[in-house]
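Undergrad: Right, I'll just put the structure down here and ask away after.
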Amino acid sequence: MTEPAVVANRKVARWEAASEWPLTITAITFLAAYAWPILDSSLTGGWKQLCTAVDLIAWLIFVLDYGARLVLADRRWHYWSRHLLDLAVVALPILRPMRLLRLVMLLKALNRGATNSLRGRIAVYVAGGTALLLFCGSLAIMDAERGHGGTIQSFPDALWWAVVTISTVGYGDMYPVTGQGRAVAVGLMLGGVALLASSPPRSPAG
């Protein structure tokens, strides 16, 4: 690797280190703004507008972060091709179910912020990632299904459905009836498989 490339990579690494906690706070704030209107159906218009504004600000912050990393990278085309999921986080803000892609930032921060021990990384990544995926899947399916006459009409129902779906038990007592709900189901299934597949490997015994 040439010296300019090393310097560019160091610039990206320094930016990512400096922006890790701000992005984590942004992702958590976005999660709260996304969840509040879904969990509280009596929320007034003013509070809903505030949640929408927080959503927009979070998106702008992620756009700024992605743009900064792309500018700092020496091989921009290579960096772009290796970070397509990050691009999706900022490129799909108008598709309501896709807004949850922004929480990829939170999941990545959980993984980076884990302890230096391999066992610690596995425990934090799997536990935090699974809990986040279940919560977000529950919110997304409730948002898609509520008011459409299906079996998922409350958050406890949505959470039960998410647990059953991600664990591949599949009781069938609750299921999505809308196209958006079925898309969420597919995403939850794939997300669960990807989460387990991307967990750090265990160290050899002994």
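The values are calculated or read from the model by the stated rules, or taken from the named source; none is laboratory data. From a predicted model like this one, the values you see are computed outputs, not experimental measurements. We place every Cβ from the backbone using ideal geometry, glycine too, and count neighbours over all the protein chains shown. Ligands, DNA and RNA are stripped out before the accessible areas are found, and what is left, the full protein with its side chains, is counted by its heavy atoms. Shrake-Rupley method; radii C 1.70, N 1.55, O 1.52, S 1.80 Å.
Undergrad: Which condition does Q49 not pass, out of (1) assigned to a helix (DSSP H, G or I); (2) modelled with pLDDT under 85, if it passes all the others?
TA: (2)
Undergrad: Further, regarding this structure: Out of all the residues in segment 28-39, which are in contact with a Cys (Cβ under 7 Å, 6 or more places away or on another chain) and either outside any helix (DSSP H, G or I) or open to solvent by 50 Å² or more (accessible area, probe 1.4 Å) (or both)? Even if it seems obvious, please write down each step before you answer.
TA: Within segment 28-39, the first condition is being in contact with a Cys (Cβ under 7 Å, 6 or more places away or on another chain), and the residues that meet it are 33, 36-37.
Across segment 28-39, the qualifying residue is only W36.
Undergrad: Inspect segment 55-68 for any residue being of a type in the set (G, A, S) and either in contact (Cβ under 8 Å) with a residue 24 or more places away in the chain or in a loop (DSSP other than H, G, I, E, B) (or both) and give the result as yes or no.
TA: Taking segment 55-68 first, the residues of a type in the set (G, A, S) are 58, 67-68.
Imposing the further condition that a residue be either in contact (Cβ under 8 Å) with a residue 24 or more places away in the chain or in a loop (DSSP other than H, G, I, E, B) (or both) reduces the set to 58, 68.
The answer is yes, given that some residue of segment 55-68 is of a type in the set (G, A, S) and either in contact (Cβ under 8 Å) with a residue 24 or more places away in the chain or in a loop (DSSP other than H, G, I, E, B) (or both).
Undergrad: Let me ask something additional. Please work out which residue is farthest from L139 (Cα to Cα), limiting yourself to segment 40-89 and to residues that are of a type in the set (V, I, T) and surrounded by 16 or more Cβ atoms within 10 Å (Cβ to Cβ).
TA: Of the residues in segment 40-89, the ones of a type in the set (V, I, T) are 44, 52, 54, 57, 61, 63, 71, 89.
When the remaining residues are screened for being surrounded by 16 or more Cβ atoms within 10 Å (Cβ to Cβ), the result is 54, 61, 89.
Numbers: V54: 17, I61: 23, V89: 18 Å.
The qualifying residue farthest from L139 (Cα to Cα) is I61.
Undergrad: Taking segment 140-177 on its own, how many of its residues are open to solvent by 20 Å² or more (accessible area, probe 1.4 Å), closer than 22 Å to W36 by Cβ and part of a loop (DSSP other than H, G, I, E, B)?
TA: Total meeting the criteria: 5.
Undergrad: Another question, if that's okay. Name the pairs whose Cβ atoms lie under 6 Å apart, with the first residue in segment 141-162 and at pLDDT 90 or above, the second among the acidic types (D, E) and part of a helix (DSSP H, G or I), and 6 or more positions between them or separate chains?
TA: Listed pairs, sorted by first residue: I152/E145.
Undergrad: Could you check, for segment 64-86, whether at least one of its residues is touching a Phe, Trp or Tyr at 6+ places or on another chain (Cβ under 7 Å), more than 21 Å from F155 (Cβ to Cβ) and modelled with pLDDT under 85? Explain how you work it out, then say what you get.
TA: Residues of segment 64-86 touching a Phe, Trp or Tyr at 6+ places or on another chain (Cβ under 7 Å): 68-70, 72-73, 86.
Of the ones still in play, those that are also more than 21 Å from F155 (Cβ to Cβ) are 68-70, 72-73, 86.
After this cut, where a residue has to be modelled with pLDDT under 85 as well, the list is 86.
Taking every residue of segment 64-86 in turn, at least one turns out to be touching a Phe, Trp or Tyr at 6+ places or on another chain (Cβ under 7 Å), more than 21 Å from F155 (Cβ to Cβ) and modelled with pLDDT under 85.
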